[in-house]
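Enquirer: Handing you this structure, nothing more for now.
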Amino acid sequence: MDSLPLLIGIMVIGYLIGSIPTANIMMHVFRNEDLRRVGTGNVTSTAVWIHAGRLPGILSLLGEILKTSVCIFIAYLLADQLWAYLVMLVSAVVGQIWSVWLKGAGGRGQTMFVTGFLVLCPVPFLVAVLSFAGALFVTKRLNLSNQIFHLVSPLTLLLAIFINPLPFGLGYHSWGYAIVGLIFCGLFFLKHRTECDDIIQAQAWGNYSR
């Protein structure tokens with residue numbers, strides 16, 4: 001298969017899989033509501049957890065993880081090269097953020113971002129995850145911690161140039177991880193919303209506020 005058709009195919013497949021609105025499906029199944037018309041309007045697993053309960057929230061999260069795993073497996077079948085995994089992951093996250101099935105609405109792509117990099121280069125990425133955990137522990141502000149996490153991720157992913165041992169990751173040593181991390185950082189802040197229902201937030205996170 002020629003490289004251009006393969007590239008286009010991977011992008012389309014990733015986008016369509018990422019577009020599957022797992023969170024909204026769970027919301028319809030358990031509450032018969034549309035997440036786009038509830039709370040902040042973000043179609044995320046966190047929103048499902050807040051508005052529909054723990055079980056649908058967990059199922060939504062597992063659905064996002066499954067979507068990411070399927071994308072990575074398809075990239076493996078089609079090319080088994082780093083560029084294919086990264087293009088597939090970016091396309092899937094774009095699909096999750098701007099879903100064709102939700103007329104351009106969607107979530108933030110965080111679960112797919114985290115799941116993908118925990119598979120592709122877990123050791124460097126865990127440094128970014130630890131920065132999120134540390135920021136959340138110190139500030140007790142979920143939104144601020146998310147912002148710190150996305151800002152730090154591209155920097156920590158530079159470690160993959162030197163450290164990405166098998167069998168924990170794919171073993172590729174590349175600056176491509178950091179480039180994709182930077183893309184995800186930009187997507188996060190582009191999608192970022194600061195509005196929040198204080199009562200809902202307090203119920204969901206207790207002392208951990210936005």
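Where a number appears in this text, it was derived from the coordinates with a stated rule and is not lab data. These numbers come from a predicted model, not from an experiment.
Enquirer: Report relative contact order for the chain in percent, whole number only (criteria: Cα-Cα under 8 Å, sequence separation at least 6).
Expert: 20
Enquirer: A further question follows. Once the Cα gyration tensor of region 6-123 is found, what semi-axes does its equivalent ellipsoid get, as square roots of 5 times the eigenvalues, in whole Å, sorted largest first?
Expert: In descending order, the three semi-axes are 26, 14, 10 Å.
Enquirer: If you don't mind, there's one more thing I want to ask. Tell me the mean residue ellipticity at 222 nm calculated for the chain from its helices only (DSSP H runs of n ≥ 4, each -39500 (n - 2.57), averaged over every residue, nearest 500).
Expert: The helix contribution divided over the chain gives -22500 deg cm²/dmol.
Enquirer: Right, another one. What ³J(HN,Hα) values, in whole Hz, does the Karplus curve 6.51 cos²θ - 1.76 cosθ + 1.60 give for region 119-125 when θ = phi - 60°, with x put for Gly and Pro?
Expert: Karplus-based 3J(HN,Hα) across region 119-125 equals 8, 6, 8, x, 5, x, 5 Hz.
Enquirer: For mean projected area of the Cα convex hull in nm², the choices are (i) 11.4; (ii) 19.2; (iii) 12.8; which was calculated from the structure?
Expert: (i)
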